[in-house]
Amino acid sequence: MDPSAPKYFTIIDYVIFALLLVASMCIGLYYAFTGGRQSTTREFLFADRSMKCLPLSLSLMATFQSAVAVIGTPAEVYTNGTQYWFIGCSYILGLLIPAHIFIPVFYRLHLTSVYQYLELRFCKAVRICGTVTFIFQMVIYVGVGIYTPALALNAVTGFHLWGAVLATGLVCTLYTTLGGLKAVVWTDVFQTVVMFTGQLAVIIVGVQQAGGLSETWVKVRDGGRISGFDLNPDPTVRHTFWTLGVGGVFLMLSLYGVNQAQVQRYLSSRTEKEAVMSCYMVFPCLQVALMLSCLMGLVMYACYGNNSPLEQQYITSKDQMVLYFVMDMLQNFPGLPGLFVACLFSASLSTISSALNSLATVTIMDLIKPHYSMTEARATRISKMLAVSYGIICLAMAYVVHLMKSSVLQAALSIFGMVGGPLLGLFCLGIFFPCANSIGAVIGLAAGLLIAFWVGIGGFLSRMSSSVVPPFNSTYTVAAGPDNITITAVTALIDAARPVGLHGFYSLSYMWYSALNSSTVVIIGLIVSFMTGRTKGDDVASGTVYPVMRTARSLLYKLVEPSACCTSSPQHKIDGHKEINGNVKEDAGTQEETETFLPSNPVSHVEQETSV
C-alpha cells in the first residue's frame, strides 16, 4: 500500500464515530426534558448550583484539553523529546492558587459572571472591557478548535472537511442549547472517558507494533527523546524547565483561575468546599492526560524513528502526524481508528460546548441584563438564542481560519494565550492591590493587550522573515578536537545565532506570554493608579480584595508556633474594608464567619453592582 495514499475509514469506524455524536446529543436531550427543563438562567447557565466535585473536575480538565492538545502534544514529543512533559510541574501552583484565592473570592460574592467582579471592584467600564476581551478570545479559539482536527482528518483520511466541521459545530451547539450546563458537564465526563480510552488503545497497539515495552524504551532512549532537566534561564529558549514550570503557572492561572468557562463550573457546585475539591481533583486528571499524550509521542518515535512521515512528505503538516500514525499503524484493527477519531472529536466537543455556554453567560449577564429588565423565562430564552448564535459565529470563524491557511493557525493559538495574560493581570490587580483604581485598571489592560500583540505578532513576522538558524532548544553533541577547536566553533555558532535587541524581544518563548502580559497590566495599573489618586480602603467593596498580609501572618504564626495552633486560634474577623487599613474589629458572628475574610451572608453583592 502506498504510504502517502489516504487511509479510509471502515464501516465500523464510521459507526463508532457516529455513536459519539449520538450519545452527546442524547445527554443534551435528557437534560432538556428532565428536572426544571432548563427554564431558568440558574438551571441553564449554572446547573441549578447542584454539581458534585467528580463530574466538575473531569469537565474542568476536558474544557481546555482540546483537540489541538491531543494532536499537538504527541507531535511535539516526537520532534523534540519529553521536555514538554515538565509543564506538569506548573499544574501544582496553577491549581493551588485558584483553589485557595480565586475560588473563595468569586464563590462568596455570589457571582454569575466572573466579570461582575470587575464592576464590584472597579466600575462598569472595566467590566465591559473584560467581557469584550473574553468574547474575542474565545470566538477565535473555538474557530481554531473546530477547524484544526477536521483539517487533519481530511488531509490524512479523506474525511470530508466541512462535513466534519459542521458535524462538530452543529451537534455541540444543539446539546449545549438544549441541555444547558448540566448537559455540557456530563457530556464532558462521557467525552473524557472516550478520550482516555482512545489514547490508551493507540498506545497499547503502538507499543506492540514497535516490538514491546523494552524495545520501545531502547528506541526512544537511543534516539535521544528522553529529556533531562534543562535549567537554561534564557527566556528565548522555547521549552526549558523554567519556561514550562514557571511560565506555565501563569498560563494555568489564566485558564483555571479567571476564565469564565472554568469559573462558571466552580460557581455551579453545591458548596464552596466542593468547588475547591473539584480544583484539587483536576490535578491528577491533567497529569493522566499529559502522560497519555507524551507516551503517544514516544510510541510514534519508536515506530518511525527518524523517518518522520513529514520528512517523507506523506503529510504536509506536523499537526497531521498523530492521525497519520493512527491510520497507518491501526489499519489492521477495524474500529480503533474510529475510536481515536472519536477521542479527538471528544476533546473538540468538550472545548466548544464549554465555550458556547460561557459566551452565552457573559453576554446575557454582562451586556444585556444590566441594561434591560426581563423575566427569568425571557432571560433563559435569550441565553439559548445566544448559544445558537455563538455556535454559528464560531462556524464562520472556522471558515475564516480555513482561508488564512495553516501558518495563521499558529498565530490564532498564540492570540488565545496572549489575551489570557492581560485578563489574569486585570484580576490580580483588583484582588491583590486595594490601592488600584478604575483608571489604572483600564489603562493597564490596554497596555497589556498592546504588549501582547506587539510581542506575539512581531515575533510571528520576525520568524517568517528570518533565515534558518540552529534551533535554540536542540542538543548539540560534538566530539572534542584538539584544543577544543570544535567545541569553540559550535559555541560561537550558537552565540551568533542568539537573538539580540528587538529581535530578542520578539523571540521570547510563547510560554512566557502570560507572565509578561499579566505583569505589564499590574505594573502599569499601579503606576497609573498612584498618578491619578489611589483607591482608599473605605472605597473598596467588601470581599473583593484578598487579605494577603493577614494570610501571611497566619501562616507565619502556624510555622513559628505550631503548638499554639493546636491549643487555640485567634477568634476574630477582619472586615473587607477595615482589613486594608490593618484594623481589626470584633464580631459576634458564628465560628465559621470568624474564619473567613469575606462576608458569609446570603445576599448577592451583584444585586448592587450597577451602583458601584
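How big is the C-alpha Rg of the range 7-110 next to the rule-of-thumb value 2.2 N^0.38 Å, as a ratio?
Numbers: Rg = 19.3 Å, N = 104, 2.2 N^0.38 = 12.8 Å.
The reported ratio for this selection is 1.50.
Each label point is 7 Å from the Cα along the Cα-to-Cβ direction; what then is the distance between the points at LEU231 and PHE136, in nm?
For LEU231 paired with PHE136, the spin-label model returns 4.1 nm.
Could you sort ARG225, ARG553 by accessible area so the largest value comes first, with the probe set to 1.4 Å? Show your work: numbers first, answer last.
Numbers: ARG225 40, ARG553 135 Å².
Sorted by accessible area, descending: ARG553, ARG225.
Compute the Rg to Rh ratio over the range 159-227 from the alpha carbon atoms, using the Kirkwood formula for Rh, and round to two decimal places.
Working: Rg = 18.8 Å, Rh = 15.4 Å.
That ratio is 1.23, to two decimals.
Determine, from the Cβ-Cβ distance of GLN313 and LEU161 and an R0 of 25 Å, the FRET efficiency 1/(1 + (r/R0)^6), rounded to the nearest 0.05.
Values: r = 21 Å, r/R0 = 0.82.
Once the sixth-power term is evaluated, E becomes 0.75.
Within 10 Å of each candidate Cβ there may be at most 11 other Cβ atoms; applying that plus a DSSP loop requirement, which GluC sites (Glu not before Pro) in the range 266-337 survive?
Details: sites: GLU272, GLU274, GLU311; in loops: GLU311.
Hits after loop and neighbour filter: GLU311.
Need the C-alpha centroid separation for the range 239-316 versus the range 327-348, integer Å.
The range 239-316 and the range 327-348 have Cα centres separated by 21 Å.
Using only the alpha-carbon atoms of the range 248-346 as identical scatterers, what base-10 log of I(q)/I(0) does the Debye formula give at q = 0.16, 0.19, 0.23 Å⁻¹?
Taken in order of the listed q values, log10 I(q)/I(0) reads -0.86, -0.99, -1.20.
Could you give each residue of the range 120-133 its phi-based ³J(HN,Hα) in whole Hz, using Karplus coefficients 6.51, -1.76, 1.60 with θ = phi - 60°, and x for Gly or Pro?
4, 7, 10, 6, 5, 4, 5, 4, 5, 4, x, 5, 5, 4
Between ASN306 and ILE523, how high is the FRET efficiency from 1/(1 + (r/R0)^6) when r is the Cβ-Cβ distance and R₀ = 41 Å? Nearest 0.05.
Numbers: r = 46 Å, r/R0 = 1.12.
Computed FRET efficiency for ASN306 and ILE523: 0.35.
For the range 315-403, count all C-alpha to C-alpha pairs, find those more than 20 Å apart, and express that count as a whole percent of the total. Can you show the working numbers first?
On the way: 2202 of 3916 pairs.
Result for the distance tail: 56 percent.
Between LEU93 and ASP538, 0.36 nm times their residue separation minus their Cα-Cα distance comes to what? Please list the in-between numbers first.
Numbers: separation 445, 0.36 × 445 = 160.20 nm, distance 3.17 nm.
Full extension of this stretch gives 157.0 nm more.
Give me the number: length gained by fully extending ARG378 to ARG553, i.e. 0.36 nm times residue separation minus the C-alpha to C-alpha distance, one decimal in nm. Each step should come with its number before you reach the end.
Working: separation 175, 0.36 × 175 = 63.00 nm, distance 4.87 nm.
Using 0.36 nm per residue and subtracting the Cα-Cα distance, I get 58.1 nm.
Starting from the Kirkwood radius over alpha-carbon pairs of the range 78-189, derive D by Stokes-Einstein at 25 °C in a medium of 0.890 mPa s and give it in µm² s⁻¹. Don't jump to the answer; show the numbers that get you there.
Numbers: Rh = 17.9 Å.
For these conditions, the coefficient is 137 µm²/s.
Between GLU215 and ILE393, take the C-beta separation as r, use R0 = 56 Å, and let me know the FRET efficiency to the nearest 0.05.
So the FRET efficiency works out to roughly 0.70.
For the range 30-120, which chymotrypsin sites (Phe, Trp or Tyr not before Pro) are both in a DSSP coil and crowded by at most 14 other Cβ atoms within 10 Å?
Numbers: sites: TYR30, TYR31, PHE33, PHE44, PHE46, PHE64, TYR78, TYR84, TRP85, PHE86, TYR91, PHE102, PHE106, TYR107, TYR115, TYR117; in loops: PHE33, TYR115.
Answer in residue order: PHE33.
Please compute the modelled spin-label separation between LYS52 and VAL22, points set 7 Å along Cα→Cβ, answer in nm with one decimal.
2.9 nm
Based on the alpha-carbon set only, what is the convex hull volume of the range 58-116 divided per residue, in Å³?
Details: hull volume 6.5 nm³, N = 59.
Hull volume normalised by residue count: 110 Å³.
Taking only the C-alpha atoms, wrap a convex hull around the range 502-545 and report its volume per residue in Å³ as a whole number.
On the way: hull volume 3.5 nm³, N = 44.
Here the figure is 79 Å³ per residue.
In nm, what is the difference between 0.36 nm times the number of residues separating VAL400 and LEU29 and their Cα-Cα distance? Write out the running numbers ahead of the final one.
On the way: separation 371, 0.36 × 371 = 133.56 nm, distance 3.09 nm.
Going from the current span to full extension adds 130.5 nm.
The values are calculated or read from the model by the stated rules, or taken from the named source; none is laboratory data. For clarity, every value in this text was computed on a predicted model and none was experimentally measured. All Cβ positions, even for glycine, are placed from backbone atoms using ideal geometry, and neighbour counts span all protein chains on display. With ligands, DNA and RNA removed, areas are computed over all heavy atoms of the protein, side chains included. Shrake-Rupley method; radii C 1.70, N 1.55, O 1.52, S 1.80 Å.
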